[in-house]
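Structure first, then comments.
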Amino acid sequence: MKHLLILLLSLGSGFWAPVSAAEGRPNILFLFADDLGRYASAYADPDNPSFNDIVSTPTFDRIAKEGAIGNNVFVSAPSCSPCRAALVSGRHFFRNGSCSQLHHRSWNSDVPDPWDDVKGYAKLLQASGYHIGLTHKNHVKNAPFGKQYSPAGRKVNGFSQTVSKAKDHKAAKKALYEECRGNFQAFLKDRKDGQPFLYSFHPTNPHRKWTKGSGKALWGLDPDSLTGKMPPFLPDVHTVREDLADYMGEGMAFDRCCEVLLEELEKTGEADNTLVIISGDHGAPGFPRGKTNCYDFGARVLFAARWPGKIKPAQVIDKPISLIDVAPTLLAAAGLPPEEGMNGQNLLPALAEADHSKLRGWALIGREVHVHTAREAQLPYPMRAIRTGDHLYIMNLKPDRSPMGDLHQLTKPKDPSFDTLANSTYATYPDVDAGPTKAWMVLNRFDPNYKLHWDLGFGQRPAEELYDLKTDPHQMVNLARNPEYEAQRSALNAQLMSELKVNADPRLNGDQFDRPPYCKIGLRNGK
């Protein structure tokens, strides 16, 4: 990160100039990766080896250089549907009714669904005259991001699968980039002359599945170059390193697709009056403590925003912010007020002059159901967390339940079908996506050399967790019962509980998330 900061500061303030009123309301280009976490070459730091050391993301790095980069940006929920619902609504995930949980959209018609009252930033922009559209993943009821534009195709969502099968990898990549270009061109063709637009690009290729070995074959990412760069909660073994290299390759593919879209934007002559944001919907899928978890590995995402004349360049945001802040920010950019009930903060006043003292400085994170079959009676694993600049505090509200789901079908290590079942990893611990790392962990769960990794990723968790991020950036040592940290634990608990109560979290109201209509089966009659 240090080299990026030096580069940004070297730009100085010479590029800073106000946009004249004659330029009108800005266009908005929102580039949103599925499951990508906080991975881009702009985040590489020679003093802190990480996965970012091996990736190359020139498009993200450019937007960061010309605008602002967020070091500590968090999702409201580290699961696809609730994250995207919170993003578009600007509300904490638990306030979004049928869209507060993954694929959990059935609702008792006799009970009002809070989601029915949400318009979301895209539809509000549309109502004010914007041309809006989406290419690829929506994943939220009522299509709040706008009309789907994918006439040129959707193969980019299986990037490594498509390119790996081709004889000419370079040509196959180019075909997918042109697919992205064609879809954006179709969207632009539909807008009226002078009409501002909001275009959302939501490809799914960083989401599993991807092709084993594709990181090296398609992007030259040597898995073993990650040796010694692994976080301490992941086994530093070839299988896991290769899985991560393949994942990073999908992130690089996303970046190249974004580059094509920026090329098309520049052809319109309107790039300087366009707010560009690049981000993603949560952390790494199929890895312990990643997606579905409130740790940084699961909930922290990449973030860069550029708007010439409105977002001051050469700024690095260290204070925590939340993706619920995107909704009021986009509305404010268009001169619109926030939708009633939004929890997010308009970031523009802070970004205009790089005055980060104006930022809230914390993010609320949590989850309920991810995979509904993960536990008996389809019960969730409820978590609520608050992430500040110095600490991460987590409440596991039902610590008796399995955090990653139940051990389905895998009860006898010497069972002849054990290997088959473990590699068909949809069958067990469903709240971790299936993949080589999960399979390796299940197969080696009794190996004493990896007991710590297993316990941290799959084991039972206490009611409270507290981590000191200055001394423990990977959140390995729980200090919740350490008397020296009681003041911090108590203060964070009070702050988190206050926010949950003020916003009427259904979890605090008789554990409503454990019952219909939130939970299809769940507890009934108070049991």
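Each reported figure results from applying straightforward, stated rules to the coordinates on display, with no laboratory input. What you see is a predicted model; the values in this text were computed from it and never measured. Cβ placement follows ideal geometry from the backbone for every residue including glycine, while neighbour counts extend to all protein chains displayed.
Observations on the model:
- LYS189 paired with GLU486, simple spin-label distance in nm, labels 7 Å along Cα-to-beta-carbon: 6.9
- Here the 3J(HN,Hα) profile of segment 374-390, calculated from phi with Karplus coefficients 6.51, -1.76 and 1.60 at θ = phi - 60°, is 5, 9, 3, 6, 6, 6, x, 10, x, 10, 9, 9, 10, 10, 9, x, 10 Hz, Gly and Pro shown as x.
- Note that segment 432-494 carries a Kirkwood radius of 13.7 Å, evaluated over its alpha carbons pair by pair.
- Using 0.36 nm per residue and subtracting the Cα-Cα separation, the extra length available between LYS209 and HIS103 on full extension is 36.3 nm.
- A viscosity of 0.890 mPa s and a temperature of 25 °C, combined with the Kirkwood radius over C-alpha pairs in the Stokes-Einstein formula, give segment 299-361 a diffusion coefficient of 201 µm²/s.
- With the highest mean first, a sort of the peptides 351-357, 91-97, 56-62, 443-449 on other beta-carbon atoms found within 10 angstrom per residue produces 91-97, 56-62, 351-357, 443-449.
- Between segment 427-451 and segment 209-245, the Cα center-to-center distance that results, in Å: 16
- Among the listed pairs LYS174/LYS291; LYS65/LYS212; LYS173/LYS267; LYS65/LYS155; LYS216/LYS310; LYS141/LYS173, those beyond 28 Å (Cα-Cα): LYS174/LYS291; LYS65/LYS212; LYS65/LYS155; LYS216/LYS310; LYS141/LYS173
- In this simple spin-label model, placing a label point 7 Å from the Cα along the Cα-to-Cβ direction at both ASP355 and THR471 gives a separation of 3.6 nm.
- Cα-based Kirkwood hydrodynamic radius, segment 376-514, one decimal, Å: 17.0
- Near the amide H of GLY435, within less than 5 Å, lie the amide hydrogens of THR425, all on another chain or at least 5 residues away, with H placed in the peptide plane.
- From the Kirkwood radius over Cα pairs of the chain, Stokes-Einstein at 25 °C and 0.890 mPa s returns a whole-number translational diffusion coefficient of 104 µm²/s.
- Mean Cβ neighbour count within 10 Å, used as a protection proxy, ranking 36-45, 369-378, 469-478, 246-255 highest first: 246-255, 36-45, 369-378, 469-478
- Unit Cα scatterers, Debye sum, segment 328-406: log10 I(q)/I(0) for q = 0.27 Å⁻¹: -1.19
- Per-residue ³J(HN,Hα) for segment 467-475, Karplus 6.51 cos²θ - 1.76 cosθ + 1.60, θ = phi - 60°, Hz, x for Gly and Pro: 10, 8, 6, 6, 9, 9, x, 8, 6
- Each of VAL111 and ASP455 was given a label point 7 Å from its Cα along the Cα-to-Cβ line. The distance between the two points is 3.8 nm.
- Segment LYS147..ASP168, full-extension length gain: 4.2 nm, with 0.36 nm per residue of separation and the alpha-carbon distance subtracted.
- Pairwise FRET efficiency - ASP447 versus MET497, Cβ, R0 = 51 Å, nearest 0.05: 0.80
- Relative contact order for segment 376-514: 26 percent, from Cα pairs under 8 Å spaced at least 6 residues apart, divided by residue count.
- In order along segment 151-168, phi translates into HN-Hα couplings of x, 7, x, 10, 5, 4, 5, x, 4, 5, 5, 5, 5, 4, 7, 7, 6, 10 Hz, rounded to whole numbers, per the Karplus curve 6.51 cos²θ - 1.76 cosθ + 1.60 with θ = phi - 60° and x for Gly and Pro.
- Cut-off 17 Å, label 7 Å out along Cα→Cβ of ASN509, residues of segment 96-116 by amide N: 96-101, 107-116
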